[in-house]
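Structure, as structure tokens:
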Amino acid sequence: MRQLVELQVTGMECAGCARRAEAAATRVDGAVSAEADHATGRVRVVCDPARAPEPQIADRLAAAGFVPAPAPAAPTGKANEAGRGDSGDSAGAGGRR
């Protein structure tokens, strides 16, 4: 079984840092892949949770010089749609004027 682990990482300032974070995360036994985005500070790791639990991934990122924390939950699509204020038509009824 695979799981997506998402962490908010402080200290990723550039694309090189993101590559370093990805390399650190994928060194954890059980990690299948990692994707890091220095612009958002997020690292997403696909892993086998029995072999690569989140704390172990966070420890590996910390050893690489980053400060990992659980990522805040992303808003759901329904919340985003409700917040847009439009009815979905191209004129944007109920939206910006």
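Annotations
- Under-5 Å amide H pairs with ARG42, H placed in peptide plane, nonlocal only: VAL9, ASP37
- Zone residues, segment 42-72, relative to VAL32, backbone N less than 20 Å from point 7 Å out along Cα-to-Cβ: 43-58
- Length released on extending from ALA71 to ALA39, taking residue separation times 0.36 nm less the Cα-Cα span: 10.1 nm
- Averaged over residues, the count of other Cβ atoms within 10 Å places the peptides 49-56, 16-23 in the sequence 16-23, 49-56, highest first.
Every number here is computed from the coordinates shown, using simple stated rules; none is lab data. Only a predicted model underlies this, so the values are computations on that prediction, with no experimental measurement involved. Neighbour counts are summed over all protein chains in view; Cβ atoms, including those assigned to glycine, are modelled from backbone coordinates with ideal geometry.
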